[in-house]
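Note sheet for the following structure.
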Amino acid sequence: MSKTIFITGGAGFIGSHVVRLFVTKYPHYRIVNIDALTYAGNLENLKDIQAAPNYVFEKVNIVNPEEVTAAFNKYQPDGIIHLAAESHVDRSITSPLDFVYTNVIGTVNLLNAAKELWKDQYPGKRFHHVSTDEVYGALGTTGFFTEETKYDPHSPYSASKASSDHFIHAYADTYELPVIITNCSNNYGPNHFPEKLIPLMIHNIIHNKPLPVYGDGKYTRDWLYVVDHARAIDCVFHEGKTGEKYNVGGLNEWQNIDLVKLLCKQMDEKLGHPAGTSDKLITFVKDRPGHDLRYAIDASKIKNELGWTPSVTFEQGLSLTIDWYLANKEWLDHVTTGDYQQYYNNQYNSSI
Ligand code: NAD
Ligand code: TYD
């Protein structure tokens, strides 16, 4: 094996797609999936590649520095692609400290372990931090986030990710650690945990449950198919300039209500329901506190410098996503039993 790469959070939504891409595209790399298997981590996401000779899973909680150091000593990674995080804004509003522990302290534990292992011997080494466009705050109805946009996070989630981004820069400036950051817009696709907008709506349509749209539904997000995000990470990890940051987005803005209506239309077609059936489930509910109005990414840097662009349209990606959920109802059943029901009742039952 020519290199050992740690992918943290590899059992999660985006992480599992990054692991799959790297394991299949780079058979000469040893890919170590570092994950604590929280409610969002699921090894079922990787069952097609779990027996690959260049894939290893290591259960590690990144909040625990001893566990992190032991994994670094055991595998001696050349590169880290860091995705492990608490990732859901609504959960960050009810449990902000969990986000500080994993997203801030967990990130610093990984930085310390990389600095300790590499001991200033940096050629061929890279720490790639996977972050979000939410660190830039919220846009009005016009404009885009660029790599120069000032950080202005609003939710506890985005504040914790902004803090982790600052630590990444601090380790580059102070210790010359070879870092790189990507800030990506909202992802969607297979294996997405049904607490986020798109998979929650798919799950509820399948079960004929209300579709909870926050506030007036006019909030806007830029959506990117998860496989295209994994391709962007591959591209930046291998071709990006050390010390730089790259925005990643789909140039694909949707107001939530329009997105939900498109989803309802595609679901009705695929389920053989009369047009308009799923629309009737749409229910406007209490708004999210501090709800960011709009995110939109200017992804020209990664396009112009590295040649990356999204490979699927939103209609294609959404159709592939729905097909995956309809073909994997067992996966959806597994992740929506137990704790999920409690989360769902706490989050929604006071409003619908
Ligand atoms: P996810 O919640 O689906 O998965 C997170 C993974 O991290 C899970 O496998 C979980 O078990 C693991 N994890 C959580 N806490 C851990 C800990 N203490 N130690 C080890 N592992 C732990 O998240 P996601 O949506 O796949 O997001 C992955 C990364 O990409 C995050 O850093 C997130 O901030 C970033 N991101 C996400 C989006 C998006 O739309 N989902 C967009 C841009 C950036
Ligand atoms: P989400 O998928 O949680 O991603 P993020 O908050 O990180 O952008 O939410 C996407 C948008 O959908 C956001 O504007 C909040 C809204 N939303 C709803 O209207 N209803 C819901 O049940 C959820 C989970 C989100």
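The values are calculated or read from the model by the stated rules, or taken from the named source; none is laboratory data. It should be emphasised that the depicted structure is a prediction, and the values quoted were computed from it without experimental measurement. Every residue, glycine among them, receives a Cβ derived from its backbone with ideal geometry; neighbour counts consider all protein chains shown. Ligands, DNA and RNA are excluded from the accessible area calculation, which covers all protein heavy atoms including side chains. Shrake-Rupley method; radii C 1.70, N 1.55, O 1.52, S 1.80 Å.
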* Counted residues, region 141-170 - those being closer than 11 Å to D292 by Cβ and either outside any helix (DSSP H, G or I) or open to solvent by 30 Å² or more (accessible area, probe 1.4 Å) (or both) -> 4
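Could you list, in sequence order, the residues of region 247-266 that are away from ligand 2 (no atom under 16 Å from the Cβ) and of a type in the set (A, V, I, L, M)? Talk me through it step by step, then tell me what you get.
Looking only at region 247-266, we keep the residues that are away from ligand 2 (no atom under 16 Å from the Cβ), and these are 251, 265-266.
Selection gives L251 alone.
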* To do: Among the residues of region 292-310, write down those that are touching a residue at least 40 places away in the same chain (Cβ under 8 Å), more than 25 Å from I257 (Cβ to Cβ) and part of a loop (DSSP other than H, G, I, E, B).
  => G307, W308
* To do: Can you tell me which residue among H207, H273 is open to solvent by 20 Å² or more (accessible area, probe 1.4 Å), within 26 Å of G41 (Cα to Cα) and more than 15 Å from the chain's Cα centre (by Cα)?
  => H207
* Asked: Is it true that some residue in region 175-196 is more than 15 Å from ligand 1 (Cβ to nearest atom) and part of a helix (DSSP H, G or I)?
  -> yes
* Hey, does region 36-52 have a residue that's buried (at least 18 other Cβ atoms within 10 Å of the Cβ) and within 16 Å of ligand 2 (Cβ to nearest atom)? -> yes
* Just name the residue that is surrounded by the fewest Cβ atoms within 10 Å (Cβ to Cβ) out of those in region 179-188 that are under 30 Å from G317 (Cα atoms) and hydrophobic (A, V, I, L, M, F, W, C). => I180
* Asked: Which numbered condition trips up G215, out of (1) farther than 30 Å from N346 by Cβ; (2) out of contact with any helix residue (DSSP H, G or I) (no Cβ under 7 Å at 6 or more places or on another chain); (3) open to solvent by 10 Å² or more (accessible area, probe 1.4 Å)?
  -> (1)
* Structure fact -> Picking from G137, G124, G106, G79, the residue that is modelled with pLDDT under 95 and in contact with a strand residue (DSSP E or B) (Cβ under 9 Å, 6 or more places away or on another chain) would be G124
* **E147 being of a type outside the set (K, R), within 16 Å of ligand 1 (Cβ to nearest atom) and either closer than 30 Å to D48 by Cβ or modelled with pLDDT of 95 or more (or both)** => yes
* Give the residue, chosen from D279, D268, that is acidic (D, E), in contact with a helix residue (DSSP H, G or I) (Cβ under 9 Å, 6 or more places away or on another chain), open to solvent by less than 50 Å² (accessible area, probe 1.4 Å) and more than 16 Å from ligand 1 (Cβ to nearest atom). => D268
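Mind telling me which of the residues F13, F6, F22 ends up being under 23 Å from H238 (Cβ atoms), crowded, with 22+ Cβ neighbours inside 10 Å and within 8 Å of ligand 1 (Cβ to nearest atom)? Please lay out each step first, then the result.
Numbers: F6 fails: within 8 Å of ligand 1 (Cβ to nearest atom); F22 fails: within 8 Å of ligand 1 (Cβ to nearest atom).
Exactly one residue qualifies, and that residue is F13.
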* Of all residues in region 311-342, count the ones that are more than 24 Å from C264 (Cα to Cα) and in contact (Cβ under 8 Å) with a residue 24 or more places away in the chain. => 1
* Structure fact -> In region 212-227, residues that are within 12 Å of ligand 1 (Cβ to nearest atom) and either of a type in the set (A, V, I, L, M, F, W, C) or in a helix (DSSP H, G or I) (or both) total 3
* Just one of the numbered conditions (1) open to solvent by 80 Å² or more (accessible area, probe 1.4 Å); (2) among the hydrophobic types (A, V, I, L, M, F, W, C); (3) not in a helix (DSSP H, G or I) is not true of L320; which one? -> (3)
* Structure fact -> Given the conditions (1) among the charged types (D, E, K, R); (2) in contact (Cβ under 8 Å) with a residue 60 or more places away in the chain; (3) open to solvent by 50 Å² or more (accessible area, probe 1.4 Å), every one holds for E176 apart from (2)
